[in-house]
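Everything on this sheet refers to the single structure shown next.
The values are calculated or read from the model by the stated rules, or taken from the named source; none is laboratory data. Values in this document were obtained by computation on a predicted structure and should not be read as measured data. Reconstructed Cβ throughout: ideal geometry from the backbone, glycine too, with neighbour counts over all protein chains shown.
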Amino acid sequence: MDAMQSKRHAIAARLRAAREQAGLSQGQAAKMVGLHRPAITEIEAGRRSVSAEELAALADAYGVDTNWLVEAEKADPVRDRMELAARELGKLNSEDLDRLLHLLSTLKREGEREP
């Protein structure tokens, strides 16, 4: 795989992760940006390049920054999900964030007690 294909696949992985985090189907995403669903499928599979205009529209639809999408040299699905989760956490109000942190703390304690 050459450098351009590698970059395309990294961007494709981030686009898919961002779409899934946004809770959108490929069909919904396609409608939002004026593409057909098979185009989203091809882009996410890394078989189709994405234009600058499409990239910007997809980033807007998914609520992510275009720089985050294109700076993906080597896709790391776990890191990508963590970054997307952090973006979503930033959108929570203080009370909801406190509740979520309490829930996470409880889950961690329960996980530590299991044999």
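Worth pointing out:
- Qualifying residues in the stretch 83-93 (those that are part of a helix (DSSP H, G or I) and either free of Cβ contacts under 8 Å to residues at least 24 places away in the same chain or among the hydroxyl-bearing types (Ser, Thr, Tyr) (or both)) - the one surrounded by the fewest Cβ atoms within 10 Å (Cβ to Cβ): Ala86
- Inspection of the stretch 66-82 finds a residue satisfying the criterion of being modelled with pLDDT under 95, of a type outside the set (A, V, I, L, M), assigned to a helix (DSSP H, G or I) and exposed (fewer than 12 other Cβ atoms within 10 Å of the Cβ).
- The one condition in (1) within 13 Å of the chain's Cα centre (by Cα); (2) modelled with pLDDT under 90; (3) among the small types (Gly, Ala, Ser) that Ser25 fails to fulfil: (2)
- All positions within the stretch 32-46 that are more than 21 Å from Asn67 (Cα to Cα) and either at pLDDT below 95 or outside any helix (DSSP H, G or I) (or both): Gly34, Leu35, His36
- All positions within the stretch 34-45 that are surrounded by fewer than 20 Cβ atoms within 10 Å (Cβ to Cβ) and under 16 Å from the mean Cα position of the chain (by Cα): Thr41, Ala45
Each row is one residue, and each column tells you yes or no for (1) under 21 Å from Gln5 (Cβ atoms); (2) assigned to a loop (DSSP other than H, G, I, E, B); (3) modelled with pLDDT of 95 or more.
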residue	(1), (2), (3)
Arg48	yes, yes, no
Glu54	yes, no, yes
Leu97	no, no, no
His102	no, no, no
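- The residues listed here are Ala59, Ala29; of these, the one that is in a helix (DSSP H, G or I) and in contact (Cβ under 8 Å) with a residue 40 or more places away in the chain is Ala59.
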